[in-house]
Amino acid sequence: MQTTPSGIEVPKTPELLQDFERFKRMLHERTGLDLNQYKFDQTYRRIWTMAERAGFRRFTDYFRYLTEEEARLRSFIDRLAINVSELFRNPEQFELLAREILPALLRRSFSLRVWSAGCSYGAEAYSLAILLHELAPNRGHLILGTDIDQEVLTRARHGVFQESDLRSAPSPYRERYFRQFTENGRTLYEADPALQRYLRFERHNLLSDPYPQGFDLIACRNVIIYFSDDAKERVFREFYRALKPGGYLFLGNTERIFNYQQIGYENPYAFYYRKPESEVLRWQNAS
Ligand SMILES: C[S@@+](CC[C@H](N)C(=O)[O-])C[C@H]1O[C@@H](n2cnc3c(N)ncnc32)[C@H](O)[C@@H]1O
């Protein structure tokens, strides 16, 4: 028996484990979401907690309840994906990006193609838009923000943030790029519409959809921590293919690619993996 941080006991009898396998199968058939690609213990615990709160002690009973209403099922999937984010999360990683990586990429390409994969409500994508606007405005850069969760994508398109989202944002950027307003007694911040021209938000499941291609930079931070080791490996290989030669993959500050050399990456800075330039030659020779 495990206990969640909020004190809920999580039983794991053989019957419940079997019931959970049925739940995963039914959910996969109904929605295409394959929970086998997420870490087992964490997923089991979270779904048990949600089921328990809704008054169920069998996963398949909870599934029947969820599927009674489409909106209920959608909201379950959305809650399953943890959406925590903030602008300039881990600011030292963004400093390196602004000081070294983006200037180097901008020397090679007039406009950059950037992908914020697992972008949640867009804080990371807007942070990247601010840096590009500062370094090289009006050059037609694209920042594609994708997530599995439709609800956060709607929020991302609006570009409205809370005070807590801005706590790591450098103050000149806070002042320059956000308009403060009050709604229902809450202080909110609207991102400068000038940033919108770079941004596009689309739904994409990293575990089942084909990957868009040709990126100078892919930020995928605090997303793969929920994935199984096999799923992580596949995602890292897909990102490698999706990068241009010389392009960078930017990971979260608890994430590593242990076999990066085997995949082909270089690791010039902590949390940054690069597809070698020499790929250009290989690619040119092949064509
Ligand atoms: C913790 S947030 C990370 C947000 C942002 N990258 C950051 O670091 O601040 C994780 C996001 O990954 C998304 N996610 C989870 N599984 C996914 C999948 N299979 N495909 C795409 N996005 C996924 C979740 O919906 C959630 O918005």
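FYI, it's all coordinate maths here, none of it is from the lab. What you see is a predicted model, and the numbers here were worked out from it, not measured in a lab. Every residue, glycine among them, receives a Cβ derived from its backbone with ideal geometry; neighbour counts consider all protein chains shown.
Given H placed on each backbone N at 1.01 Å, which residues far from LYS39 in sequence or on other chains put an amide H within less than 5 Å of it?
PHE227, SER228
Within the stretch 80-122, list the residues whose amide N lies under 13 Å from a label point set 7 Å along Cα→Cβ of GLU151.
80-84, 121
So how do 102-109, 153-160 stack up, highest first, on mean other-Cβ count within 10 Å?
Output ranking for 102-109, 153-160: 153-160, 102-109.
Can you give me the convex hull volume of the Cα atoms of the chain, divided per residue and expressed in Å³?
158
Write down the percent of antiparallel bridges among all DSSP beta bridges whose residues are both part of the stretch 107-231, to the nearest 5.
40
Cα atoms only: what Rg and Dmax, in Å, come out for the stretch 93-154?
Here Rg and the maximum Cα pair distance are 12.1, 37 Å.
In debye, nearest 20: dipole of the chain around its Cα centre with unit charges on the Cβ of K, R (+) and D, E (-)?
The calculated dipole for the chain is roughly 400 debye.
Just flag the chymotrypsin sites (Phe, Trp or Tyr not before Pro) in the stretch 190-263 sitting in loop per DSSP whose Cβ has no more than 11 other Cβ atoms within 10 Å.
When the chymotrypsin sites (Phe, Trp or Tyr not before Pro) of the stretch 190-263 are filtered for loop state and at most 11 Cβ neighbours within 10 Å, PHE258 remain.
Send over the Kirkwood Rh of the stretch 13-94, from the inverse of the averaged 1/r over different Cα pairs, rounded to one decimal Å.
Averaging 1/r across every pair of different Cα atoms and inverting gives 13.9 Å.
At a Förster radius of 35 Å, what calculated FRET efficiency corresponds to the Cβ-Cβ distance of ARG108 and ILE263, to the nearest 0.05?
0.95
Which one, THR182, ALA156, PRO210, is farthest towards the positive end of the dipole of the chain when Lys and Arg carry +1 and Asp and Glu -1 on their Cβ?
The residue sitting most towards the positive pole is PRO210.
Over all Cα pairs of the stretch 69-184, how is the pair count split among 5 Å bins, expressed in % and running from 0 up to the last occupied bin?
2, 10, 20, 21, 19, 14, 7, 4, 2, 1, 0
Length gain on complete extension for the stretch GLN213 to ASN138, per 0.36 nm per residue less the alpha carbon to alpha carbon distance?
The span from GLN213 to ASN138 would gain 24.8 nm if fully extended.
Rounded to whole Å and sorted largest first, list the principal axis extents of the Cα atoms in the stretch 169-284.
Dimensions of the stretch 169-284 along the principal axes of its Cα atoms: 54, 33, 27 Å.
Taking the alpha-carbon centroid of each part, what is the distance from the stretch 57-101 to the stretch 216-265 in angstrom?
That distance is 19 Å.
Take a quick pass over the chain and tell me how many lysine pairs come in under 17 angstrom between Cα atoms, counting only ones 8 or more apart or on separate chains.
5
How do 14-26, 116-128 rank on mean C-beta neighbours within 10 Å, highest first?
Going by the mean number of other Cβ atoms within 10 Å, highest first, we get 116-128, 14-26.
What is the dipole size for the stretch 82-235, taken about its Cα centre, with +1 at each Lys and Arg Cβ and -1 at each Asp and Glu Cβ, in debye to the nearest 20?
For this selection, approximately 480 debye.
Hey, for a label at THR49 modelled as a point 7 Å past Cα toward Cβ, could you say which residues of the stretch 201-226 have their backbone N under 19 Å away?
222-226
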